[in-house]
Amino acid sequence: MPEQNNLTDRSQQATSQGIDSSRLTPHASLLTGLQRTLDRGGEWLLDQQYREGYWWAELESNVSITAEHLFLTHILGVGDRELWHAIAKYLLREQRRDGTWANWKGGPGELSTTVEAYVALKMAGVDPASEEMTRARAWILEKGGVPNARVFTKIWLALLGEWPWDATPMLPPELVLLPRWFPVNLYSFASWARGTILPLAVLRVKKPTFPLPREETLDELFPGGKEVADLSLPRKPGLWAAAFRVADKLLRLYERFPWKPLRNRALRASEQWIIDRQEVDGCWGGIQPPWVYSLIALATLGHDLANPVLRRGLAGFDRYGIREGGTFRLQSCISTVWDTGLALLGLLDAGVDPAHPALLKAGDWLLGEQVLTGGDWQARCSARPGGWAFELDNDIYPDTDDTAVVLMALDRLALPEKAKRFALDRGREWLLGMQSRGGGWGAFDRNNTRTLLREIPFADFGELLDPPSADVSAHVVECLAQLGDRPGFAALDRGLGYLLREQEEDGSWYGRWGVNHIYGTGAAVPALIACGMSQDSPAVQRAHAWLLARQNDDGGWGEDVLSYHEQSLRGRGTSTASQTAWALLALIAAGETGEPVERGVEYLVRTQTDEGTWEEEEFTGTGFPTDFMIRYHMYRHYFPLMALGRARSVLE
């Protein structure tokens, strides 16, 4: 248990002084409940701190990550029936009544996710005649079966011998040899995409298969049978899409030539590129996709399981796996630095002393996590290293969003001045160097905006680019303002200009990494105000009006994931703790102190659990909007603490 915090429970003070809280004025009663909620929330969060000093909670995604882990163990020959049974139990628990699996709670059934779950269950020994499998199979066939699945699902099935490699897009490993000035090269893609694409390119030309036993093959998922399946690639409209289809055909012709003068060199370079990017804990990029494909590619190139690279890679999954109630699920990523930075901000806003031992311990841990070595971001940035990554181990890919949050937290802590100043200066220098041409910031790369890449044939899942986004840019702008930069400083002016240009016509901002316009607006408005913009400015007033119009009858705010596709759902949805907090952060920054804030506070006070936290099953984070949604299990806690702490300062 950490040391007792320095929060003051004013509700207990009132009781000890003989004050009947039921006789308080409504405003005084609200403040009393607010303070009690802050105290309990702060105590709960302090209790969650790890011995090492950080905070971390589960990063939940859809079941495809766990299904693919089963595929990986089969491919590498390390399948464990006990593990497979635990995976099957988890998959069955997550299946919905209609037989499907979704990409987020309450979302529609998703074909590729359902196909992958079905395949994993069949491999784990679940009877195809069972009710669960029958319902899943019927739904899959109704949606067109495997031929209508996304490209990445078909690649997994190609590895399992259930889909022809020739019916997947062509990816030449020679891509690794192209210079960075070439119009399309490996560094044209986002960090997560390049780490995935290169090992896939190796697999595409090697075409390895790890066939399933006959009784586990998937003929039943092809309407009309495999022999009549549509093997064509996804067709996108537009000139660039057509150009990439032509390029795909040319590359297939090249594959038929017996003489490929650069192929062996490209494979050796790809192999070394992959090996060089393994992190100390065995992962690649701290995320599942490049990790699993890199392991399979290296195994295909001749590395056996005794090789230290593969051995570390497999062992690294132990940290990402969660065993619970006889089930096993795999996280796609671990959000330790992100959770720690935001937890610190939540506790500081809640009133915990900046010199509190628990906070200083977290600050010391974060100081040790600063990335002072080079990485792929240097392809387009000449600044000295100084950022932070999202995960425990991902030194090659620090990101601007985590760096901004960590710097804002460290700046407020009573840490030793010399170490703190070094971290702040180097972090700020790195952020300035990562600013893109238009004034905004992407997460991992600078000027990663080659939009034509979205038209390539295998880009039917997620995002291949890391362009600037309003939410990330807002966090960086707010951070720079907190560190002392003011309008008139060129980088800050460009960042402000970018944010103002990105405001939607309705007054909101798009949320790239959180759902959705409430998240973007909750980041943008505090950033504008931190830079000295007037609360009466048109941009702030439009955002203020938009938020007021979207407050729910229960006092909270919510937004459906489908708002990424349906404009009518922007800012509309079941109230959640995290989204209510984001809305309050923006409203308070905009100068709102009246009934809307009070109702939002009342919602958070009323919905706090007896343990001192909040329930939230909704997915309010995103990796790729609607394609890959995330439920951060800590969002429901530290964001409400931030909002309530700031509400207290304006309501008192």
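What to note about this one:
- 14 Å beta-carbon shell around residue 509, net charge (K/R +1, D/E -1): -2
- Net charge of neighbours whose Cβ lies under 14 Å from the Cβ of residue 95, counting Lys and Arg as +1 and Asp and Glu as -1: +3
- The tail of the calculated P(r) for the stretch 62-330 beyond 33 Å holds 22 percent of all Cα-Cα pairs.
- Between the C-alpha center of the stretch 128-162 and that of the stretch 581-652 there is a gap of 39 Å.
- ³J(HN,Hα) computed for each position of the stretch 483-492 - Karplus, 6.51 cos²θ - 1.76 cosθ + 1.60, integer Hz, glycine/proline x: 7, x, 6, 9, x, x, 7, 4, 5, 5
- From the C-alpha gyration tensor of the chain, square roots of 5λ in Å: 43, 28, 24
- Spatially proximal lysines relative to residue 122 (Cα-Cα < 19 Å; intrachain offsets below 8 disregarded): 89, 154, 226
- FRET efficiency for the residue 129 to residue 51 pair, using the beta carbon distance and R₀ = 56 Å, is estimated at 0.70.
- Within the chain, the longest segment free of exposed loop sites, counting trypsin sites (Lys or Arg not before Pro) that fall outside DSSP classes H, G, I, E and B and have at most 12 other Cβ atoms within 10 Å, spans 438-652.
- Here the calculated FRET efficiency for residue 219 and residue 247, from their Cβ-Cβ distance with R0 = 45 Å, stands at 0.85, rounded to the nearest 0.05.
- Taking 0.36 nm per residue of separation and subtracting the current Cα-Cα distance, fully stretching the chain between residue 537 and residue 384 would add 51.4 nm.
- Per-residue ellipticity at 222 nm, computed for the chain from helices alone with -39500 (n - 2.57) per DSSP H run of at least four residues, works out to -15500 deg cm²/dmol.
- Charge context of residue 131, other residues only, Cβ under 15 angstrom, K/R +1, D/E -1: +3
- Amide proton proximity set for residue 399, modelled H, under 5 Å, gap of 5+: 388, 389, 390
- Residues in the stretch 46-62 carry Karplus couplings, in order, of 4, 5, 8, 5, 6, 4, 6, x, 9, 10, 6, 9, 4, 10, 8, 9, 8 Hz; the curve used is 6.51 cos²θ - 1.76 cosθ + 1.60 with θ = phi - 60°, and Gly or Pro positions show x.
- Potential lengthening between residue 257 and residue 27 on full extension [0.36 nm per residue; Cα-Cα distance subtracted]: 74.9 nm
- The stretch 562-603: GluC sites (Glu not before Pro) in DSSP loop, at most 13 other beta carbons within 10 Å: 566
- Ranked 529, 396, criterion: other C-beta atoms within 10 Å, fewest first: 529, 396
- Gain upon complete extension [residue 209, residue 566; 0.36 nm per residue less C-alpha separation]: 124.5 nm
- Between the amide H of residue 628 and those of 623, distances stay under 5 Å, these residues lying 5 or more places away or on another chain, with hydrogens modeled in the peptide plane.
- The mean of 1/r over all pairs of different alpha-carbon atoms in the stretch 375-496, once inverted, gives a Kirkwood hydrodynamic radius of 15.0 Å.
- The lysines whose alpha-carbon is closer than 26 Å to the alpha-carbon of residue 260, local same-chain residues fewer than 8 away aside, are 206, 207, 249.
- Inter-part distance where the stretch 245-313 and the stretch 496-543 are each reduced to a Cα centre, Å: 42
Values in this text are rule-based calculations from the coordinates and carry no lab data. None of the values given here were measured: they were computed from a predicted structure. In this analysis, Cβ positions are derived from the backbone assuming ideal geometry, glycine residues included, and neighbour counts consider all displayed protein chains.
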